């Protein structure tokens, strides 16, 4: 499965705000995670990351959250590749873990 196919699968099953998600686009509220989900130039709020007296942790959390759509898409692509390549015997536990994480992320538990 190509990256484009993985993106199509992720968007088809999406119950979340599509990516990309970015941090700091709202200058007045740099803690906000936003997404330009429409082509109108506006950004829409996805999440807010609070500074808990540790700027490094705050920034690390923001980076992780902004990459959630990309990580989901990559996981879906990898899972489809594992299944298509018939390498399931080699990745049994990893495949199950990845499948469970994708189901939780997409609300299909």
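The values are calculated or read from the model by the stated rules, or taken from the named source; none is laboratory data. Everything numeric here is computed off the predicted structure, so don't read it as measured data. Virtual Cβ from ideal backbone geometry, glycine too; neighbours counted across all protein chains shown.
Here is a check on your reading of the model: is residue 10 at pLDDT below 90, outside any loop (DSSP other than H, G, I, E, B), surrounded by 14 or more Cβ atoms within 10 Å (Cβ to Cβ) and under 12 Å from the mean Cα position of the chain (by Cα)?
Yes; evaluated as a whole, the condition is true for this residue.
Consider region 52-77. How many of its residues are more than 11 Å from residue 20 (Cα to Cα) and not in a helix (DSSP H, G or I)?
The number of residues fulfilling the criteria is 3.
Kindly provide the set of residues from region 51-87 that are touching a helix residue (DSSP H, G or I) at 6+ places or on another chain (Cβ under 6 Å) and surrounded by fewer than 17 Cβ atoms within 10 Å (Cβ to Cβ), ordered by number.
51
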